[in-house]
Structure formats: structure tokens, C-alpha cells
Amino acid sequence: MAVNYYTKEGLQKLKDELQDLKTRGRADMAKQIAEARDKGDLSENAEYDAAKDAQGLLELKISKLEEVVGNARVIDEANIDTSKASILSNVKIKNAKSGMEVTYQLVSEEEANLKENKISIQSPIGKGLLGKKVGEKAMVKAPAGEIEFEILDISF
């Protein structure tokens, strides 16, 4: 798996989620399995089978999250180059067609949250903005077609 870069807060959020899944999540799952087991014959107990399946999914999620956290690196904010759009940059863009302006922060996929104007560097817009400088145009292939954006400002 590739190395992913996170803010300090973003990585801590992932670590907290992992810890919660390992402690509370596993305890809740064990309780559900025990309750289902107490309901009788395991060979015909759909609730027990469902609980075991859920346990498998939980363990898979824990495993994947452990891998993500293991390959995560915190970005040193002092080393971010604001001359071009990169991860953790705040990029102010203008839609060439509509004239609408918006500022997005480019983040890792796990930290993306459109309500907070944080978009993934893996998203079509994120990919289109990476490496661009102020004044440059970015052509983004979106589901609705190609959209042209002008880079107005890059900050941190």
C-alpha cells in the first residue's frame, strides 16, 4: 500500500477510530455473538451466523485501518510549497463557465469532507488541481463533462 499523507489531526482521528473499533467494537461484537449463541442450536441460528459475519467484517475493517495508519505520514507544514497546489494546500479556484469561486483544501481520501471544503487529491478536481500554480487553468474531467477552473490563490 502506498504512503498517504495526513494532517496531525486527521491521523489522530484515524488512530482514535482504530482504538475504538479494537476495544468497544470488539466487545460489542463478542456480546452479540454470546447473545445469539444463547438462543439455541447454532446450526440453524441465523442471528449467530449474522453476528459471526459482522465480526468478520469488523476484523477486516480493523485490519485495513491498521494498514492505513501503519503507512500514514504526518505532513510537516513548514515544508509545504505554496507556489503550486499540493496536499494540504488551500486552493481558491474560479469556474471559468459560471464565474463561481470556491476554496478547497486538498487532503487525503480519508480526510475528505465536502461540507468542510476538503477534497481528496484522488478526486477528479483534486487530481486536476495538483501541481498547478496561481494563474494557471485546470481542466477537470468530471461526471458532468470537462470543467475549466482558474487557480486564483494558493495558501496554507
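Here are a few things to note about the model shown:
- Candidates Lys141, Lys94, Lys133, filtered to the one that is of a type in the set (D, E, K, R), free of Cβ contacts under 8 Å to residues at least 60 places away in the same chain, more than 15 Å from Asn4 (Cβ to Cβ) and in contact with a Lys or Arg (Cβ under 6 Å, 6 or more places away or on another chain): Lys133
- Filtered residue count, segment 132-145, keeping only those that are at pLDDT below 90 and of a type outside the set (A, V, I, L, M): 3
- Among the residues making up segment 140-151, those that are in a strand (DSSP E or B) and either within 26 Å of Glu9 (Cβ to Cβ) or of a type outside the set (A, V, I, L, M) (or both) are Lys141, Gly145, Glu146, Glu148, Phe149, Glu150, Ile151.
So that you can scan it fast, the table gives a plain yes or no per residue for (1) open to solvent by 60 Å² or more (accessible area, probe 1.4 Å); (2) under 28 Å from the mean Cα position of the chain (by Cα); (3) acidic (Asp, Glu); (4) modelled with pLDDT of 85 or more:
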site	(1), (2), (3), (4)
Asp28	yes, yes, yes, yes
Gln32	yes, no, no, yes
Asp41	yes, no, yes, no
Lys52	yes, yes, no, yes
Leu57	yes, yes, no, yes
Ile62	no, yes, no, yes
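- Only a single item in (1) touching a residue at least 24 places away in the same chain (Cβ under 8 Å); (2) open to solvent by 80 Å² or more (accessible area, probe 1.4 Å); (3) within 28 Å of Ala138 (Cα to Cα); (4) not hydroxyl-bearing (Ser, Thr, Tyr) is not met by Lys115, and it is number (1).
- Tally of residues being among the charged types (D, E, K, R) and under 11 Å from Lys84 (Cα atoms) across segment 127-156: 4
The values are calculated or read from the model by the stated rules, or taken from the named source; none is laboratory data. In this text the structure is predicted, and so the values were computed from the model without any measurement. Positions of Cβ are backbone-derived with ideal geometry, glycine not excepted, and every protein chain shown enters the neighbour counts. Keep in mind that these areas ignore ligands, DNA and RNA; they rest on the heavy atoms of the full protein, side chains included. Shrake-Rupley method; radii C 1.70, N 1.55, O 1.52, S 1.80 Å.
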